There are 2 protein chains.
Amino acid sequence: MNSFVYNIPVKVYFGENQLIHLGEELSKYGKRVLLTYGGGTIKKIGLYDKVIEEIEKAGLEVYELSGIEPNPRINSVREGAQLCKDKNIDVLLAVGGGSTIDATKWIAAGACVDFDPWDFLSKKVSVKKALPILTVLTLAATGSEMDNGGVISNPETKDKIGLGADPLLPKVSFLDPTYTYTVSQYQTACGAADMMSHIIEVYFNMDQDLYMLDTFMEGMMKTIIKYAPIAMKEPDNYEARANLMWTSSWAINGFINGGKQLAWSCHPMEHELSALYDITHGLGLAILTPRWLKYCLDETTVSKYVQFGMNVFNIDSKLDDMEIAKQAIHKLSDFLFNTLGLDNNFTKISIKETDFEIMAKKSCGGGVLEGFKPLQQSDIEEIFKMCL
Amino acid sequence: MNSFVYNIPVKVYFGENQLIHLGEELSKYGKRVLLTYGGGTIKKIGLYDKVIEEIEKAGLEVYELSGIEPNPRINSVREGAQLCKDKNIDVLLAVGGGSTIDATKWIAAGACVDFDPWDFLSKKVSVKKALPILTVLTLAATGSEMDNGGVISNPETKDKIGLGADPLLPKVSFLDPTYTYTVSQYQTACGAADMMSHIIEVYFNMDQDLYMLDTFMEGMMKTIIKYAPIAMKEPDNYEARANLMWTSSWAINGFINGGKQLAWSCHPMEHELSALYDITHGLGLAILTPRWLKYCLDETTVSKYVQFGMNVFNIDSKLDDMEIAKQAIHKLSDFLFNTLGLDNNFTKISIKETDFEIMAKKSCGGGVLEGFKPLQQSDIEEIFKMCL
């Protein structure tokens, strides 16, 4: 069992109408605010007006960067970082989902340096400093509101790179489940698949770690399985949206990692899919995850599948271990493709076999993708084929 | 479902040999350190020497306050606060269990004011400021290492009062499970009972709150039930000590509360027992909790007992609700009194019926003890009688 450092100092206002505290929290960090957001959903749901009202009430100056893309691009980061320098910004306020928050994190870092912010990701230049970031979350999925990481795409190089650094941790995040009421059935499903994957990537690990954390992960998976279908059918069900929202944060803020030597598998593979095809991250993960689990199942790993099957899906413990494992994968697939209704293979979303080689190669950086089981390029290609 | 603010910025170094970071962390807060500890166990296990070595290596000046009592007294707090003023202390380092840490919190607050620190507790004077506190934990039980509260006894007034305030949150806590290897069987059992009670006080609540948090609480209770007996039999079992240690922190750092309107029941009752009899806190809780659960069980509350019985003790869901509830209380008693081996009634620990009236009156402040079910003085006396 490895040692670890737990350090998640993000303050969270959770629940309805918590935005009344936005002005007081922003004011702690300065006067000049850069508001960042995506395609305008926040205007449609009245959130933009509310945010502006609170900022103005606090007597702060606001500048804006809108149009941050899903799978956010490095050009938005460059533009935002330049804006921070030009306008002498004190604090960033990201209003949106994981894409907006991810981009804002790298804008906050880029604002403090003279080089191209892409260097942080491509050359792994360490982040010494970043402007303070506050967030208002509108999509329960990536957990970016409570973690220190962000993923950025570079269409020129066809790269999609995720990295983390403590200066990127948001200072304060506002999680109001009502701001997710307008998230579509499809995006709710993709968000649920994304959260499930965040947990599964950590849970499926043969390192001995704290059992207590395993029970938390099982609880979170049960929560997603219980509430994602409710949120899809009743988009304004507060209980469902609230459970999904708080689970999305805890699935990836680092708490469940404990001291595990982490090496994710499906995320690096999926990043190559969405870098090339610009598909929704959660959908790519949904298609990959059950195949990857099937590929990694053997006598040395089966015990983890048994624990998963019994504690998350209540599969009968009297069955043979391999049988429990297979039923567990089947139940997970059933949840992802039938309950959530996500497309269940690459063919349906036009991902072509001719790209498998290059995507597989990039996934493992031409070497080995360490993870639950180490995967070489050929293994990854095999998993991709299972997804056809 | 109520809104809430989540704010637990305590940094935790978890695992073996993490004390190598002690000097660097203390140095962030100043040069002059007051080391606080209890009866000398930390010398026996070599922890004192290790702590002094790390402090000296960092070039800091160290002062000491030893002899902090179990159920710490206000006089220790007064002495410590005065010492901080006399020696111009920058930062406090509490090395010990919940009692040492609790006392240190109020020392840290007392050091910043001119009045008697007992006023914070007796007159509810709000805490505006406190010296920074770091902790090294040696007993998994109270969770004080990661929360903002502390309980202090005043033998003159026979009061025992617990209060919390954010300035009392430790900045950094070191949780090394090996430092709990010498905790006796009995104290390990009392610690486990204390943790169970912290969770049960929150879990048994009819407020609708996040299901996700219920799953975490169930996971923590399962963790305690699994590992407390192991730690009692094999005191140097790292896995068991580590699970108990991290669970003890999360059972009471505020995370599981969500937006519940909290009002604890067994703790206020137990505080009157230990104020008058100086018994171990966890033992008092163990005796009270199953009786209190039995007393509160009726048609309006049974659903929570059913959830508890099924998810924590795997009681057959096909049984009648009341039957599941009764079996659940029985299984909890069996864990506390047979598995942990704690005394199962007041008679065994010489608590006398003649004191019930005054203890019950103090528990509810002469009015109503709000909680899972509101309890008046007569209810509490009834629960005390069930404990005979």
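How big is the stretch A:11-179 by Rg and Dmax over its Cα atoms, in Å?
14.5, 43
Can you give the mean number of other chain Cβ atoms that lie within 10 Å of the Cβ atoms in peptide B:220-226?
3
Show me, bin by bin at 10 Å from 0, the whole-percent P(r) of the protein assembly as shown based on Cα pairs.
3, 13, 22, 25, 21, 12, 4, 1, 0
For a protection proxy built on the mean count of beta-carbon atoms within 10 angstrom, sort A:360-372, A:342-354 highest first, please.
Top to bottom by mean Cβ count within 10 Å: A:360-372, A:342-354.
Rounded, prolate or oblate: pick one for the stretch B:115-174, where a ≥ b ≥ c are the square roots of the eigenvalues of its C-alpha gyration tensor, a/c under 1.5 means rounded, and failing that, prolate if a/b is larger than b/c, else oblate.
Taking the square roots of the gyration eigenvalues as a ≥ b ≥ c, the stretch B:115-174 is oblate.
Under the rule of -39500 (n - 2.57) per DSSP H run of 4 or more residues, summed and divided by the residues of chain A, what mean residue ellipticity at 222 nm is obtained, to the nearest 500 deg cm²/dmol?
One gets -14500 deg cm²/dmol as the mean residue ellipticity at 222 nm.
Of the listed peptides B:292-303, B:207-218, what is their order by residue-averaged count of other C-beta atoms within 10 Å, with the highest listed first?
Result, highest mean first: B:207-218, B:292-303.
What do you get for the angle between helix A:185-203 and the principal long axis of chain A? Use alpha-carbon atoms, 0 to 90 degrees, nearest ten.
Result, in degrees: 70.
For the stretch B:309-315, what does the Karplus curve 6.51 cos²θ - 1.76 cosθ + 1.60, with θ = phi - 60°, yield as ³J(HN,Hα) per residue in whole Hz, taken in order and with x for Gly and Pro?
Ordered by residue, 3J(HN,Hα) equals x, 6, 8, 9, 10, 6, 6 Hz.
Summarise the partner chain shielding of B:240-249 as one whole number: the mean count of Cβ atoms from other chains within 10 Å of each residue's Cβ.
Taking the mean over all residues of the peptide, I get 3.
Tell me the distances, shortest first, between A:Asp298 and the same position across the other copies, using label points 7 Å along Cα→Cβ, in nm to one decimal.
Copy-to-copy label distances at A:Asp298, shortest first: 6.1 nm.
Collect residues whose amide H, placed 1.01 Å from N in the peptide plane, falls under 5 Å from the amide H of B:Val136; neighbours closer than 5 in sequence don't count.
For B:Val136, the qualifying residues are B:Ala94, B:Val95, B:Gly96, B:Phe174.
Would you mind working out the magnitude of the charge dipole of the stretch B:184-386 relative to its Cα centre, with +1 at each Lys and Arg C-beta and -1 at each Asp and Glu C-beta, to the nearest 20 Debye?
Dipole size: approximately 280 debye.
Bin width 20 Å, alpha-carbon pairs only: give the P(r) of chain A as whole percents, running from 0 to the bin holding the largest distance.
Pair shares across the bins are 29, 59, 12, 0.
Under a point spin-label approximation (7 Å from Cα along Cα-to-Cβ), what is the B:Ser122-B:Lys87 distance to one decimal in nm?
Inter-label distance under the simple model: 2.7 nm.
Points 7 angstrom from Cα along the Cβ direction at B:Asp316 and A:Val368: gap in nanometres?
My value for the distance between the label points is 5.0 nm.
Take A:Tyr181 and B:Glu299, extend 7 Å from each Cα along the Cα→Cβ direction, and tell me the distance between the two endpoints in nm.
3.5 nm
Please work out whether the stretch B:87-156 counts as rounded, prolate or oblate from its C-alpha gyration tensor, where a ≥ b ≥ c are the square roots of the eigenvalues and a/c under 1.5 means rounded, while otherwise a/b larger than b/c means prolate and anything else oblate?
oblate
Every other copy gets compared here: list the nm distances from the A:Gln208 label point (7 Å along Cα to Cβ) to its counterparts, shortest first, one decimal.
In ascending order, 4.4 nm.
Explain nothing, just compute: Karplus ³J(HN,Hα) = 6.51 cos²θ - 1.76 cosθ + 1.60, θ = phi - 60°, for every residue of the stretch A:266-271 in order, whole Hz, x for Gly and Pro.
5, 4, x, 5, 5, 4
Separation of the stretch A:308-333 and the stretch B:311-372 by C-alpha centroid, Å?
36 Å
Just report the Cα centroid separation between the stretch B:134-182 and the stretch B:235-298, whole Å.
The stretch B:134-182 and the stretch B:235-298 have Cα centres separated by 14 Å.
Using a Förster distance of 35 angstrom, determine the FRET efficiency expected from the C-beta separation of A:Asn344 and A:Asp114, and round it to 0.05.
0.15
Rounded to the nearest angstrom and ordered from largest down, what semi-axes does the equivalent ellipsoid of the stretch B:230-388 get from its C-alpha gyration tensor (root of 5λ)?
So the equivalent ellipsoid measures 25, 22, 17 Å along its semi-axes.
Whose Cβ in chain B comes nearest the axis that rotates B onto A, and by how many Å?
So the chain B residue sitting closest to the axis is B:Pro9, 2.
In nm, what does the list of distances from A:Met310 to its counterparts in the other copies look like, shortest first, when each label sits 7 Å along Cα to Cβ?
Output for A:Met310: 2.0 nm, nearest copy listed first.
About the Cα centre, and with charges only on the beta carbon of Lys, Arg (+1) and Asp, Glu (-1), how big is the dipole of the protein assembly as shown? Nearest 20 debye, please.
Result for the protein assembly as shown is approximately 800 debye, rounded to the nearest 20.
For chain B, take the longest principal axis of its alpha carbons; what is the angle in degrees between that and the long axis of helix B:98-110, to the nearest 10 within 0 to 90?
Roughly 60 degrees, rounded to the nearest 10.
If you keep only loop residues by DSSP, which trypsin sites (Lys or Arg not before Pro) in the stretch A:179-275 have at most 14 other Cβ atoms within 10 Å of their Cβ?
Sparse-neighbourhood loop trypsin sites (Lys or Arg not before Pro): none present.
Over the whole of B:285-295, what's the average partner chain Cβ count within 10 Å per residue? Rounded to a whole number, please.
Mean partner-chain Cβ count within 10 Å for B:285-295: 0.
Would you mind checking the pairs A:Lys50/A:Lys260; B:Lys129/B:Lys294; A:Lys373/B:Lys304; A:Lys31/B:Lys11; B:Lys105/B:Lys361 and listing those with alpha carbons more than 31 angstrom apart?
The answer is A:Lys50/A:Lys260; B:Lys129/B:Lys294; A:Lys373/B:Lys304.
Which chymotrypsin sites (Phe, Trp or Tyr not before Pro) does the stretch B:7-115 hold that lie in a coil by DSSP with at most 14 other beta carbons within 10 Å?
B:Phe115
Find which of B:Gly366, B:Gly30, A:Gly164 sits farthest along the positive direction of the dipole of the protein assembly as shown, computed with +1 on the beta-carbon of Lys and Arg, -1 on that of Asp and Glu, about the Cα centre.
Checked the options; the winner is B:Gly30.
First check a/c for the stretch B:211-284, with a ≥ b ≥ c the square roots of the eigenvalues of its C-alpha gyration tensor; if it is under 1.5, answer rounded, and if not, answer prolate when a/b is larger than b/c or oblate otherwise.
oblate
With θ set to phi - 60°, apply the Karplus curve 6.51 cos²θ - 1.76 cosθ + 1.60 along the stretch B:19-28 and write out the HN-Hα couplings as whole Hz, x wherever there is a Gly or Pro.
5, 4, 8, 4, x, 5, 6, 4, 4, 5
Throughout, read-outs are computed from the coordinates displayed, never taken from laboratory work. These numbers were taken from a predicted model, which means no experiment stands behind them. With ideal geometry, Cβ positions are generated from the backbone for all residues, glycine too; neighbour counts draw on all protein chains shown.
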